[in-house]
Every structure is written in C-alpha cells, then in structure tokens.
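As structure tokens, the structure follows; a few thoughts come after it.
The values are calculated or read from the model by the stated rules, or taken from the named source; none is laboratory data. These numbers were taken from a predicted model, which means no experiment stands behind them. Cβ: placed from backbone, ideal geometry, glycine included. Neighbour counts: every protein chain shown.
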There are 2 protein chains.
Amino acid sequence: MTPTIKDVAAHAGFSIATVSRAINAPHTVNPVTLEKVRQSIDALNFRPSPLGRQLRGERSRLIGVVLPTLANPVFAECLQGIDELASAQGYRLMLMTTQYDAERERHAIETLREQRVEGLILTVADADTHPLLDDLDRDGMLYVLMHNDTVRRPSVSVDNRLAAYDGVRMLIAHGHRRILMLAGTLAASDRARLRHLGYVQAMQQAGLTPAPALEIDFNADELAPSVLNHLTTGPNRPTALFCSNDLLAMVVMRGLRRARFEMPGDMSILGFDGLAMGELLSPPLASVCAPNREIGCAAWRRLIGRLDSMKPADFDDALRAPSLSLTLPHTLREGATIAAISDMAGASPNRNARSFA
Amino acid sequence: MTPTIKDVAAHAGFSIATVSRAINAPHTVNPVTLEKVRQSIDALNFRPSPLGRQLRGERSRLIGVVLPTLANPVFAECLQGIDELASAQGYRLMLMTTQYDAERERHAIETLREQRVEGLILTVADADTHPLLDDLDRDGMLYVLMHNDTVRRPSVSVDNRLAAYDGVRMLIAHGHRRILMLAGTLAASDRARLRHLGYVQAMQQAGLTPAPALEIDFNADELAPSVLNHLTTGPNRPTALFCSNDLLAMVVMRGLRRARFEMPGDMSILGFDGLAMGELLSPPLASVCAPNREIGCAAWRRLIGRLDSMKPADFDDALRAPSLSLTLPHTLREGATIAAISDMAGASPNRNARSFA
DNA sequence: TTGAAAGCGCTAACAG
DNA sequence: CTGTTAGCGCTTTCAA
C-alpha cells in the first residue's frame, strides 16, 4: 500500500541504508546516487514513516493536549496559542476533551501516554486532588497545567483569587454593595473556589457580607425561575453580579433581558475570562481578563523548556523547580455592563417590581 | 525509561509472547500466569506501545483534522462533533490549523500523512482547485471535507448558494431593497463565492440590483472609514447587510454602533453560520444557520463508513461514490437584528445624516 | 561512498 | 498453555 524505504531502495537500485542516508544525511552520499534516490522517492511518493523512527528511539515530537471542552472559547483561545508555537516548532498536537469529567480525564491521559506523547498540556477540574497527576510526577512524564491555579504543580494561570478580588473591588468602587457571585455547575473546580475566595475577601474588606456562590445550570435554555427570582426581586436583590466566567455572564444576561432587565441600568454584570468575543457584545462585557492565548503559549514554552532541559542535565531542571507555577497578570476590562450605582435605574430596592411590570 | 514488554516478561518470568497474549487474548493463557503477568504490568506501570502494534500493520486509529482556525467558533463547533464521536469510537485526533493559508494546508496534510493517519477531515480554502486533494484521491487516502461546498469531492456542508439565497429572500420579504453583502478577506473561498451567488440570484429574482461583496478586514479594530461611509451615508446606503459569517456580522455591528447606528432600527443585519453564541447576543443575531456540530458528526460518519467499507470489498465504495457530497439542511434564525423596512428609523435616505448628528 | 546486519516494541505463526 | 522466531520501517554501527 504505502511505499516503504525498501520499495524506494529497490526502485533506485540501492540499499535501504543508502536511501536512509539520502534522507537524513544527504551530504554523506554521492550526488549522483542522491539524485537517483530522490527521483525514486518522488516517483513512489514515499514519505518516511515516523513509526520506524520513533521505534529507533527518536523523539515523537508529539504533545498531548487535554481540555474540558471547546464549547467555551476560553479553551479554544488557549489552544490557538499552543497550536501556533507547536506548528512553528515542528511538533504535532493530539487533542482530547473531557467535558469536565474525571473519568474522561483519566482516559485521555491514559490514551495520550500510550501514544507516547513527549509531554502533556492540560486543564483539569481540580489540580490539587488529582491522583493522575501524581502518577505523571512519579513516572517522570512531563506536563504543564493551564488555568489550574495551584502552586503544587507545574502550571500557568492568572492569580484567580487576586483577579476575582480586583474585579469585585471594582464593583465596590462603583458603589455596589449587594454583589452576588454566580458560578457554573462545576463549582468544584480549583479556580472556581479561588475566585469565590477573592470575592469573599473583597466583600469582607469593604465591610460587606459575602454570599455563597449561586449555582447556575449553564446549558439550560432559561434561567431557573427560582434563580431569576433571587436575582430580580426582593429588597435585597443584588445590584451587581460577578459571574465566574464570561459564557455564564452571557447566559445570565440573556435570562435577565427576557425578564425585562437592562444591563447595566438594572443590573451590573462582571464576567471572568476576557473572551475576545466579549468586546463585540452590546454593551461590551466587563470582565476580569486572563491572557488566554498567552497562557497557552507560556504553557507550551514551559513544557518544551523542561523537555529540552531533560536532555543535557537534570540539575538545570531542579533550579527551575521552585517556580513551578507561573502566574500571568490579569487585567480588568471595565466594559459597559457595569454602571456606577448612582446611575442605576434599579438600584433602589423599591424599584425592583419593575421587572415584572 | 518506559518499560517494554520485555521488562514485563522478565519481571514476570515468562516470555514476551505470553505477556502479549495476556494483554490481547487473556483467555488463551493460564489464569495463574495471567495473574502474575498482570501484577508485573501493574508493578512496572507498563502500557503497550502503539508503535510496535502499528508497525505490525495494525490500524493506527488516528484521524487527522485540518481546520483554518479555532478563533472562529464555527470550527470549534464542528470539532466538538468530531471529537465526541471519535472518543466514543476509540479514535485519536490529530489537529492542525492553517489560518486559511495554502502553504500551511499543504504542510498540515503532509505532516498528517506522515503520521499515518487513517483518514482526514478537513476544511480548506478552496476545494475545487486544490492539487493536494487530487493527491489524496490518487493515493487512495481517505478524506472528507467539511463546509467546503463542492460536488467533486467527498464533503459535508449546507447548500451555501441556496442558504444564502433563502437568507436574502427573507431580507427582501421584510421589505428591504438595498441589501449589501459583506465578506471577510478570504473572499476567495468556495463557500464565499457560493454565498455571493445566492445573494445575486435572490436579488435578481426580486428585480433588484446586486452589488459585489464588500470586503471587510476582519481583524481590524475599527471599520475602515471608507467602508463605514459606504454603509452609513448617501441616498443609496443599504438598509440591510448580509454578512458572509457571524463573526464578521458581530464586528460590523460593533463598528456601526460606534457610529451611533442601532440594530435593527438603523440597519438590519443577517449573518451566516448560526453560531450558538449568536443567540446570546442582544439583540440575538439573525443568521443563516448551518448545523455545525452535526456537520462534524456527519463528516466523521462518512469517513469511518468509507474506512470500514475498504476492508471487505471496494465495490461497495463505488456504489456510494455517486453521493460524494452530503448536503445538510440549513435553517434561518430570524433573530432580532432584522427589522421590517417599515419599522426602520433610518430607512428613508434623507435620515441618513442622523448617524453623524 | 555503499551495503549488511542488528535492533527498536510488538504480534502472530509455528513448535513444543 | 507457553516459548521461539520472524518481521513490520527505520536508523545506525561496522565492514567493505
């Protein structure tokens, strides 16, 4: 079927060794021979199988990428960063998604290891309590986490706690007092916890009372009535929502709009992630922005850096070990979904019935 | 480094053949032996290398995916569909992006073939005039195109001409007469051409004069002043824009908003693609929707179907050949970015100065 | 400059 | 039920 080096050798009238050399060390072979071999290669449309090479102990130049989902552009943005560097450096990417499911995470890592990837870039639900990552450590399998915010493992992320803290402080600076945090169903993730912690700290520092994060079913077409109620009615209804990610913010805004709420007039909204698309919205979505693409690039560099440093000597690696986790700076996109409390139509509790007028 | 079957054999005190059998045909080996081998496997943390297997002529269970970019969620949505089926069926995906660049397309296909993928799923800029696809045909390499709208090659897409036609007819039905089509910089793609053709046909059938597609620089932060001028001023300024994709529609809307245009009051907007995210916008984006996820799934099924049908006999394959390209139904999402002409504030030419008031 | 041959990890005849 | 062995495509000594 696909021609092998043998076919080429036969066609050219030389040995397979010569063909191999013609490919890998052209200068060591007689120009005339070289030319003949090249013609045979073209004639048969031969391409060397990486199998043989890898089998010989060469590097696979294959990196595994494990992401929760591509439905959230956050991960697509990271992947873009990774992909760009990978193709520039001649690496191949093997991609698996997990839908935030622990079993699928396990399976993905397992599968990729079988494929003999040289390293893994992954985003898992919870990095700290993940036995699989311990396995990787034990087996000396190189990996870098993206977005997972932990100091215990090699990772690249923003400081989720601080970022959330800064975001909520901004809301407070705009005069908001009743600020509620909304989280997706995967409230168990390490970053969700840290974001909530940041929220709590910002609230407490301002002398405000933080609330537990309200869980929202991400995929539902409508906001649950009880949730909507919680957001839109009562004397203590929130004036601002801090959403644990941008997609959630968009879903929530749609729900509020259907209830005749306007943003930011009736409710201020702050997201998290800094999706590029958020700037295209109307009004542009305020967000605590992570440099997603750059996170992908940084994860790549760290992985490849460690990969390369394996070769010569390991002490170099040990030197870098202290700074296992890399924290990239976040930014605040103030957007237009945040209003100062004084500008908000629905700020005073007694106007809340408006939404059901 | 990584343990091989030999290590396991040595550890267990059996031959490598027995170990291999223990893995691939457990029932053919003595339970006691089996148990010992299993313990050794666990102890050494052994996983069979796919290299050896593939080398033995086994299937690689590897599929290559080539996409223009992940920055446009259209492709991320397709990839989701593919990924779902792939992981369910035990296949691995190797992903490469091309940024719509012909050279990168070439390189991606080349690379993936070297990796011995069993088949390719790809979206290329222009399917009809693509020598690489001819190579694939010649070499019997299985592939399926996604979104590329051609009858000459195996493909899955919507009927881009008809879909555009239907979309523009809808605009006309809402009373619009001056409808302009906007296209991204890759106006050269097969689908962009077909979409424009559909636009032309719908216009002509209604006795209206179609215009050439106006090219927009997708990535620029602002609309070019000349473009903005074209859209917003003059007695013949358009009342509706048909954008060749949703992302472009969003960029254009942002540009118009900055010029104090409101959608749909001052301008109706129709996109193409049906991004899931479009429904989260305010107002929800009207769009000619392709079932992106389903396109990915269908492409997968066709590829695997043809892969499987290779095994027994090839005439089966010939039977299916007539229906090379699969056309999936499109839908119209009327959204709220389209207003009937009678409801539009800016409909009468003499109101156009409003935008610069 | 070229060829012969060994070996990478594994599976599958074939023998025992 | 288990072991021996050949061979998949390739690179790389080692000889010629």
Residues of the range A:1-18 satisfying the condition of being outside any loop (DSSP other than H, G, I, E, B) and over 11 Å from A:Ile41 (Cβ atoms): A:Lys6, A:Ala10, A:Ile16, A:Ala17, A:Thr18
Residues being touching a helix residue (DSSP H, G or I) at 6+ places or on another chain (Cβ under 6 Å) and in a helix (DSSP H, G or I) - total across the range B:173-227: 8
Selection count where residues are within 10 Å of DNA strand D (Cβ to nearest atom) and either buried (at least 18 other Cβ atoms within 10 Å of the Cβ) or β-branched (Val, Ile, Thr) (or both), scope the range B:7-19: 6
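Residue-wise test of (1) modelled with pLDDT of 90 or more; (2) more than 30 Å from A:Glu105 (Cβ to Cβ).
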{"residue": "A:Val8", "(1), (2)": "yes, yes"}
{"residue": "A:Ile16", "(1), (2)": "yes, yes"}
{"residue": "A:Ser40", "(1), (2)": "yes, yes"}
{"residue": "A:Ala43", "(1), (2)": "yes, yes"}
{"residue": "A:Arg47", "(1), (2)": "no, yes"}
{"residue": "A:Gly57", "(1), (2)": "no, no"}
{"residue": "A:Ser60", "(1), (2)": "no, no"}
{"residue": "A:Val66", "(1), (2)": "yes, no"}
{"residue": "A:Thr69", "(1), (2)": "yes, no"}
The lone exception for B:Thr123 - which of (1) within 30 Å of A:Gly81 (Cβ to Cβ); (2) modelled with pLDDT of 90 or more; (3) out of contact with any Cys (no Cβ under 9 Å at 6 or more places or on another chain); (4) not charged (D, E, K, R) it fails: (3)
Residue match in the range B:90-97 (condition: part of a helix (DSSP H, G or I) and more than 16 Å from DNA strand C (Cβ to nearest atom)): no
Selection from the range B:23-73 of residues that are away from DNA strand C (no atom under 15 Å from the Cβ), within 8 Å of chain A (Cβ to nearest Cβ) and in a helix (DSSP H, G or I): B:Pro73
Residue match in the range A:85-101 (condition: charged (D, E, K, R), surrounded by fewer than 24 Cβ atoms within 10 Å (Cβ to Cβ) and in contact (Cβ under 8 Å) with a residue 40 or more places away in the chain): no
Contacts under 8 angstrom Cβ, first residue in the range A:40-57 being among the basic types (Lys, Arg), partner more than 10 Å from DNA strand D (Cβ to nearest atom) and part of a helix (DSSP H, G or I), 6 or more apart: A:Arg47/B:Glu110; A:Arg47/B:Arg113
Scope the range B:156-171; condition without any contact (Cβ under 8 Å) to a residue 40 or more places away in the chain and crowded, with 19+ Cβ neighbours inside 10 Å; matching residues: B:Asn160, B:Tyr165
Subset of the range B:132-155 [more than 14 Å from every other protein chain (Cβ to nearest Cβ), charged (D, E, K, R) and surrounded by fewer than 21 Cβ atoms within 10 Å (Cβ to Cβ)]: B:Arg152, B:Arg153
Test for A:Thr4: is it in contact with a helix residue (DSSP H, G or I) (Cβ under 8 Å, 6 or more places away or on another chain) and either more than 29 Å from B:Pro48 (Cα to Cα) or surrounded by 15 or more Cβ atoms within 10 Å (Cβ to Cβ) (or both): no
Which numbered condition B:Gly81 misses (of (1) crowded, with 24+ Cβ neighbours inside 10 Å; (2) of a type outside the set (Lys, Arg); (3) within 16 Å of the chain's Cα centre (by Cα)): (1)
Qualifying residue in the range B:103-114 (condition: closer than 30 Å to A:Thr4 by Cβ, within 18 Å of the chain's Cα centre (by Cα) and away from chain A (no Cβ under 14 Å)): no
Qualifying residue in the range B:55-72 (condition: within 15 Å of DNA strand D (Cβ to nearest atom), over 40 Å from the mean Cα position of the chain (by Cα) and surrounded by fewer than 18 Cβ atoms within 10 Å (Cβ to Cβ)): no
Residues of the range A:115-129 classified as crowded, with 22+ Cβ neighbours inside 10 Å and within 12 Å of chain B (Cβ to nearest Cβ), total: 1
